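Below you'll find the structure, written out as structure tokens, and then a few comments.
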Amino acid sequence: MKVHVEPPFRKILIANRGEIAVRVARSAKALGITTVAVYSSADEKSLHAMIADESVWIGGADPEESYLNIDAIIYATKKTGAEAVHPGYGFLSQRADFAERLREEGVVFIGPPPNVQRLVGDKLGARRFFANAGVPVVPGTYSAVNSRDAISVAEELGFPVIVKPAGGGGGIGMKIASNEEELTKSLKEASELAGKTFGKFEVYLEKYLPKARHIEVQILGDGKGKVFHLFERECSVQRRFQKLIEEAPSPALSPELREHLLSIALKAADACRYVNAGTFEFLFDPSNANFYLLEVNSRIQVEHPVTEMITGVDIVREQIYIAAGEGVSFKQEDIKMRGSAIEARVYAEDPSNNFAPSPGKLTVYREPSGPWIRVDSGYYEGAEVPFYYDPLIMKVTSWGITREEARRRLALAIEETMIEGVSTNMVLLHAVLNNRAFVSGNYSTRILEEEKILENLQRHSMQRLRLPKKEKAEKVVSVRRAEGEIWRLASRIRPHL
Ligand code: ADP
């Protein structure tokens, strides 16, 4: 491990909010770097603005006026004399034009250079590029499809297929079609939604792999021509194509399969001359042990802590050193994985209302703690979860020498967490962590459907609704004893029951 005496930058600005802004500030400050936070009108009392050494108001609550407002962020950078900008994830993190603007202004962007951002940010272009480079991609089309050709293409691929917006992300607008009729409908719906959300109507097709697992590789390109890996993460626990619980290593991989996956990811990263942190996402088909590249995310990911927990590498620290031209601080052979880590994303969402965002004031807020528990949060008791942004409250990550130890620690940590004032998805997280398929490690991206996890949660709430008022406490306690029912969590998310 390379030891540096001088900080790589004197001052950096963090162009983000919430937990990731807090997390970036912590690593930067630990390196002796002065940190500048930016905040919107909705975030005046936010944790990220308090934790940074300096903070700058950059505009109104609407993200377009603040966290997506390139001019305001450049102004704040200049005004505070920051030498570099860390974009976090989301917002401007994958905008090549932002990275370019910073370069023109003589400010360092802590992330991949604009040409890499452009290449991997164009979903169809990236599919073509990686397929040409000999990297397996999910079978499908390499250009946008129109409704005339789509049916014959789908027949060739074989149903079911998945319709994807070419300019998309965040799982938005993706539709699965099992036959011609569904395909015609999906094409129309997906294209309309894509046009509305991303300003681009084009959609393309991929073969839908129903039993697949989402396994991704953390890559670091040192900026000097070399790419490194920090092993894989499994992110198959998803709701509506959005990750909920992530773990490292993947319980699906044998050492041989892992080697194979890592070699494909390194080949892909090398082909596109990847620089800084990035995630190469794959679908793994257990029926034939094939990996297919899904996409490349050219930023730090929400789920990066599980990788940090098993490798001991601070990914944000590496990002900063790479951006400063210092390369990575380790040799590939020094990176060993130890134990297992699992992360759960706690969202302000209402499970009784189809997980609609549930913004509001955190009247009670107690974070879990204990051996090998890590909490990444953007909030504190009394703080407000704003209506304008992603409702992620905190990420709870556990580590254990075995996967089972990590799993138990995380389930207990979720039980210990106390949040009132907003609804949360904790009851769902807890149900997944205790689900038999998850416990066994043998699960796919359809775990919520296959295991009927949401339906079962609903049924529990219904049963509890039927209990007569005065007997409620006793009955609930006995249910809990008998079935390990998570009544305390349930009553916390639905205090009126
Ligand atoms: P986005 O960029 O919108 O997040 P991705 O292409 O990364 O979309 O896919 C997100 C998730 O959707 C994957 O993790 C997986 O669960 C599911 N998915 C995407 N493509 C396929 C496919 N061809 N077959 C099966 N599942 C898929």
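Things worth noting here:
- Entry remark, the stretch 241-251: residues being farther than 17 Å from Leu293 by Cα and either open to solvent by 40 Å² or more (accessible area, probe 1.4 Å) or outside any strand (DSSP E or B) (or both) number 3 in total.
- Considering Ala154, Ala150, the condition of being open to solvent by less than 60 Å² (accessible area, probe 1.4 Å), more than 14 Å from the ligand (Cβ to nearest atom) and aliphatic (A, V, I, L, M) is satisfied by Ala150 alone.
- In summary, no strands (runs of 3 or more DSSP E) completely within the stretch 103-213 bear 3 or more residues that are out of contact with any Pro (no Cβ under 8 Å at 6 or more places or on another chain) and among the basic types (Lys, Arg).
- Residues in the stretch 28-48 that are within 22 Å of the chain's Cα centre (by Cα) and either in the same structural domain as Gly382 (by TED's automatic domain parsing) or open to solvent by 10 Å² or more (accessible area, probe 1.4 Å) (or both): Tyr39, Ser46, Leu47.
- Residues (more than 10 Å from the ligand (Cβ to nearest atom) and more than 22 Å from Arg118 (Cα to Cα)) located in the stretch 164-176: Lys175
- Out of Tyr388, Tyr365, Tyr379, sole residue that is out of contact with any Pro (no Cβ under 8 Å at 6 or more places or on another chain), at pLDDT 95 or above, part of a loop (DSSP other than H, G, I, E, B) and hydroxyl-bearing (Ser, Thr, Tyr): Tyr379
- Selected residue (only one of Glu295, Glu281 is within 13 Å of the ligand (Cβ to nearest atom), open to solvent by 40 Å² or more (accessible area, probe 1.4 Å) and under 27 Å from Ile162 (Cβ atoms)): Glu295
- Reported count of residues in the stretch 384-425, each being of a type in the set (A, V, I, L, M, F, W, C) and open to solvent by 60 Å² or more (accessible area, probe 1.4 Å), is 4.
- Among residues of the stretch 220-240 being within 18 Å of Val313 (Cβ to Cβ) and within 16 Å of the ligand (Cβ to nearest atom), the one that is surrounded by the most Cβ atoms within 10 Å (Cβ to Cβ) is Glu232.
- Applying the set (1) more than 22 Å from the chain's Cα centre (by Cα); (2) more than 16 Å from the ligand (Cβ to nearest atom) to Pro251 leaves exactly one unmet item: (1).
- Out of Val316, Val364, sole residue that is open to solvent by 10 Å² or more (accessible area, probe 1.4 Å), out of contact with any Cys (no Cβ under 7 Å at 6 or more places or on another chain), assigned by TED's automatic domain parsing to the domain that holds Val385 and in contact (Cβ under 8 Å) with a residue 12 or more places away in the chain: Val364
- Of the candidates Leu183, Leu187, the single residue that is on the phi < 0 side of the Ramachandran plot and either touching a residue at least 40 places away in the same chain (Cβ under 8 Å) or near the ligand (Cβ under 9 Å from one of its atoms) (or both) is Leu187.
The values are calculated or read from the model by the stated rules, or taken from the named source; none is laboratory data. This is a predicted model, so every value here is computed, not measured. Neighbour counts are summed over all protein chains in view; Cβ atoms, including those assigned to glycine, are modelled from backbone coordinates with ideal geometry. With ligands, DNA and RNA removed, areas are computed over all heavy atoms of the protein, side chains included. Shrake-Rupley method; radii C 1.70, N 1.55, O 1.52, S 1.80 Å.
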